[in-house]
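All remarks here apply to the structure that follows.
What follows draws every value from the coordinates through simple rules; no lab data is involved. Since this is a predicted model, take the numbers as computed values, not measurements. Methodologically, a virtual Cβ is constructed for each residue, glycine included, from the backbone with ideal geometry; neighbour enumeration extends over all protein chains shown.
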Amino acid sequence: MYMDIHEVPGVTAGAVATAHIADLKTQGKYGVEYHKYWLNEAQGKIFCLCSAPSAEAANAVHREAHGLVAQKIIEVAPELAETFLGGCEVDPAGAALVPQAEERDSGVRTVLFTDIVNSTELMERLGDDACIALIEVHDTIVRNALKATGGREIKHTGDGIMAAFVSAAAAVRCAIQIQKTLIDRPVRNGDAQVLVRIGAAAGEPVEANDDFFGSTVHLAARLCAHADSEQSLVSNVVAELCLGKGLTFHDLGEVALKGFIQPVRVHAVK
C-alpha cells in the first residue's frame, strides 16, 4: 500500500475529483487500485492511498490518466494508515470524509500523549498491584474522554496512552476533560493521586524524510515529556487550528526540545 502526495497550489475539489475518476479508469492496466484521497485545499495538497505492485506503477496511473504525478510517494503499512487516518467514509468522487460529517477530510491529524507522573516511583513505593490499579484508573478516564471527544487510541505506552484526532479542538477538549476528571476524582485514605502530563501536536499524513506521521508523533511525545504535572502542552499548529473554537492557551514562547534542532513554539492549555 502506498500514500502519494501532490502539491498543487490553488487546486479545487472538482479538479481532484475529475482526476481521481480518471485514475479509476486507468488503474487496471497497471494492477493498481486507488482507494481514496484526502484534500487539504487550503495548502494545495492531495494525499492518495492505493494498493499497487510498486510506487512506479502507482505513478504510472497518474501519468497516463491526467499527467499529475506525485511529488512524493511512500510505502505504508495498511494497519498504520488505518490507525492514524481511520476507516473513514468516502464521497462518490472518492474523497475521504470527516467522520460523522459531510465535509472533505484534509488528512491533518492531532496526536496526543498522556503520561502518568512519577510512575516508576509509584511502582517502587506502592508495589505492582497498587500501581497497576492506578494505571487502570488512568486508562478508564482517558478512554472515556477519547470516546466523548471522538479520539482513537493508537497504543498503550505502559504508563500512558497515545491517541489520534481528526479535530485539533477535540484533542484539546479531551486533554481538558482528562485533567479535570483526575483532579475531581475522590481519593480515599491510603490511595495515591493519579497525576498526568499531556502533549499534543498536529500534522499531515506524510512529512519530512518520507515518514508517515513521524515528526508529529515525535513532537507530541516531547511536549508530553516537557509538561509539568497536571499540565497539557500543545504545538503552535494545534493552537492555530483551535482559533475560534472557544479554547484558550498560554503562549510559552519558543522552547528547546530534545531531538529538534530549532526551538519549538509551545502553548499551555488553560
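General observations
- Using just its DSSP H runs of length 4 or more, each adding -39500 (n - 2.57), the chain gives a mean residue ellipticity at 222 nm of -11500 deg cm²/dmol after division by all residues.
- Residue of ALA15, ALA169, ALA201 that the Gaussian network model of the chain assigns the largest fluctuation, springs spanning Cα pairs under 10 Å: ALA15
- For region 109-269, the calculated P(r), taken from all Cα-Cα distances in 10 Å bins from zero up to the bin holding the longest distance, is 11, 41, 33, 13, 2, 0 percent.
- Under 5 Å between amide hydrogens, built in the peptide plane, is the criterion, and for LYS36 it picks out LEU49 among residues at least 5 positions away or on other chains.
- Nearest-ten-degree value, helix 55-65 long axis tilted from longest Cα axis of the chain: 50 degrees
- Residue exposure sequence - SER215, SER167, SER232, SER119 - by fewest surrounding Cβ within 10 Å: SER215, SER119, SER167, SER232
- Gain in span if fully extended, ALA101 to ASP129, counting 0.36 nm per residue against the direct Cα distance: 5.8 nm
- For region 1-133, the Cα gyration tensor yields ellipsoid semi-axes of 39, 17, 13 Å (square root of five times each eigenvalue, largest first, whole Å).
- Shown is the FRET efficiency for GLU56 and GLU207, computed with R0 = 22 Å from the Cβ-Cβ distance and rounded to the nearest 0.05: 0.45.
- Computing Rg and the Kirkwood Rh from the Cα coordinates of the chain gives a ratio, Rg/Rh, of 1.04.
- In region 184-248, the alpha-carbon atoms span a convex hull of 120 Å³ per residue.
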